[in-house]
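Novice: Structure incoming, see below.
Values in this text are rule-based calculations from the coordinates and carry no lab data. Please read these numbers as outputs of a predicted model, since none were measured by experiment. For neighbour counting, all protein chains shown are included, and Cβ atoms are generated from backbone atoms with ideal geometry for every residue, glycine included.
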Amino acid sequence: MRSAVMDEKKAAILQEIPRLRRYARALMRDRDAADDLVQDCLERALLRMESWRTGESPRRWLFTIMHHLFIDHVRKVNRRGEAAILPLDAHEALATPGMQAETVASREIVDALQAISPDRRAALVMVGIEGFSYAEAATMLGIPAGTLMSRIARGREELRALLDDQARRRTIRIVER
């Protein structure tokens, strides 16, 4: 007889779990912490099942247990401080994104820049990489602005051709394998 009563009580407690979870999430505002609170509440309820009067809904009793556990949690946090997960800086991350493709592309660009004529390369680097205006770059290189613009235009064409050729060769290598 005692076993049947205990089984009824356990079944009634299990029916309250969705409501307990909803309440715990409202209290804790964190899903994992709320689940921990529900688990602690259920453990305490199962250990003290004899204090619940048979015939009544366990909801009030369970919510009272949960509320007391929540207050205990808040007091503990106030005394000890809450544990916080600090975000990792990029250099501290455990996994880093692969940079092989970027490294290959960068290496190809540097190689292509080295392959074009020095005067075109200087014009491109001054304006495209260093960010100088055409007038500033022309003055620094000691050439007229029109000559600078011509060198930049021809340098870009030469770079495009070299990079397109390298991309074609890379594609051919992949297809041949």
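Novice: Testing the spin-label approximation: label points 7 Å from Cα along Cα→Cβ at THR139 and ALA161. State their distance in nm.
Specialist: 3.4 nm
Novice: Also, I was wondering about something else. For THR147, THR64, what ranking results if the residue with the fewest other Cβ atoms within 10 Å of its Cβ goes first?
Specialist: On the way: THR147 14, THR64 11.
Ascending Cβ contact count within 10 Å gives the list THR64, THR147.
Novice: When VAL127, VAL5 are ordered from fewest to most other Cβ atoms inside 10 Å of their Cβ, what list results? Please list the in-between numbers first.
Specialist: Values: VAL127 20, VAL5 11.
Fewest-to-most ranking of VAL127, VAL5: VAL5, VAL127.
Novice: Could you check the simple spin-label distance between LEU46 and GLU8, using points 7 Å along Cα→Cβ, in nm with one decimal?
Specialist: 2.1 nm
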